[in-house]
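To start, the structure under review is shown below, and the notes come after it.
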Amino acid sequence: GPFRHAPLLQNVASAWFPPLFEDCFNDSTSNVTDYALAYLRSQKKGKFFLWIFLMDPHAPVDPPTKYRTAEGPWPVFWPYAIQQRWGCPNVDAGETVSENDRPYVRSLYCGEARHVDDTVSAVLAAISPIADSTYVCFTSDHGEELWDHGFWGHGHSMYEEVVRTPWLIAGPRIRSQQITEAVSAVDLAPTLVGLTGASPDTSWIGKDLTPALCDVSAVPERPCFARGCMTGPQIDPLEMVVSKGR
């Protein structure tokens with residue numbers, strides 16, 4: 001469309017007129033949600049698959065004003081910027097965030113989480129009329145370290161705050177329960193396919209967890225693997241395995 005470059009133009013303009021752009025550059029969460037809700041309204045009948053990819057909470061950590069609960073040194077916090085913006089440290093260049101500023105950064109991250117929470121609520125409300133015949137899944141690809149072990153971000157450590165992610169799923173025949181055994185993101189696609197009765201791809205290595213979700217079957221015990229690939233070009237990737245909960 002004619003406005004597809006608007007976020008880029010706004011980024012450029014904000015570099016010259018920062019006081020005019022103290023809110024987030026581009027609220028991708030709201031934008032994606034608007035498209036998703038429009039799609040759901042168009043689905044009058046028939047089967048559909050909708051994947052809603054929300055980038056927040058994620059760097060750049062810049063929630064809309066209504067979700068900002070603290071004051072800080074940067075109108076927009078962007079630690080991965082190629083160049084400094086308003087005194088924000090360039091983490092890629094080895095600069096750090098001071099101890100005094102870290103609570104502010106954490107508050108921005110929490111603000112983005114609240115923003116996503118409200119967004120998911122709106123999507124669930126739109127799905128409610130067809131909830132009895134719809135599977136809903138919520139998950140994430142990774143967590144975020146906020147100096148829990150001295151680092152910021154993800155990909156450079158294998159601590160639990162980075163590798164343990166949520167996976168919530170609801171729909172027809174699914175029992176209300178919490179599965180305590182370790183499962184992996186590679187199990188997601190086989191499980192969704194299993195629930196809908198479709199045929200899995202032969203290249204998938206994950207397991208279909210439908211029996212455990214819908215019946216009383218135990219989750220098959222097997223090791224789960226994870227990798228951190230942002231350790232630098234001269235350093236081997238970090239790798240870990242979780243077996244029997246350890």
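The values are calculated or read from the model by the stated rules, or taken from the named source; none is laboratory data. Every value quoted in this text rests on a predicted model; they were computed, and no experiment measured them. When we count neighbours, we look across all protein chains shown, and the Cβ atoms used for this are built from the backbone with ideal geometry, even at glycine. Accessible surface areas use protein heavy atoms only, side chains included; no ligands, DNA or RNA. Shrake-Rupley method; radii C 1.70, N 1.55, O 1.52, S 1.80 Å.
With 0.36 nm allotted per residue and the present C-alpha distance subtracted, the E161-E71 stretch has 29.9 nm of extension available. Using a probe of 1.4 Å, the accessible surface attributed to V186 totals some 70 Å² when neighbouring protein chains are kept in position. Starting from 0 in steps of 5 Å, tell me what percent of the Cα-Cα pairs of segment 112-223 lands in each bin. Answer for segment 112-223: a P(r) of 2, 10, 17, 19, 19, 16, 12, 5, 1, 0 percent. The figure for I169 is an accessible area of roughly 40 square angstrom, using a 1.4 Å probe on the protein chains alone. Would you grab the residues whose amide H sits under 5 Å from the one on G228? Only those 5+ places off in sequence or on another chain, please, with H modelled 1.01 Å from N. Under 5 Å from the amide H of G228: L238, E239. Of the trypsin sites (Lys or Arg not before Pro) found in segment 99-167, those that fall in a DSSP loop while having at most 15 other beta-carbon atoms within 10 Å are R164. 3J(HN,Hα) along segment 192-199, derived from phi through the Karplus expression 6.51 cos²θ - 1.76 cosθ + 1.60 where θ = phi - 60°, amounts to 4, 5, x, 5, 8, x, 7, 8 Hz, with x in place of Gly and Pro. If the reach is capped at under 25 angstrom between alpha carbons, list the lysines near K47, excluding any in the same chain fewer than eight residues apart. Straight-line reach from K47, under 25 Å: K207.
Size descriptors for segment 99-147: radius of gyration and Dmax over Cα atoms are 15.5, 50 Å.
Taking label positions 7 Å along the Cα-Cβ direction at both F49 and S203, the computed distance is 1.4 nm, reported to one decimal.
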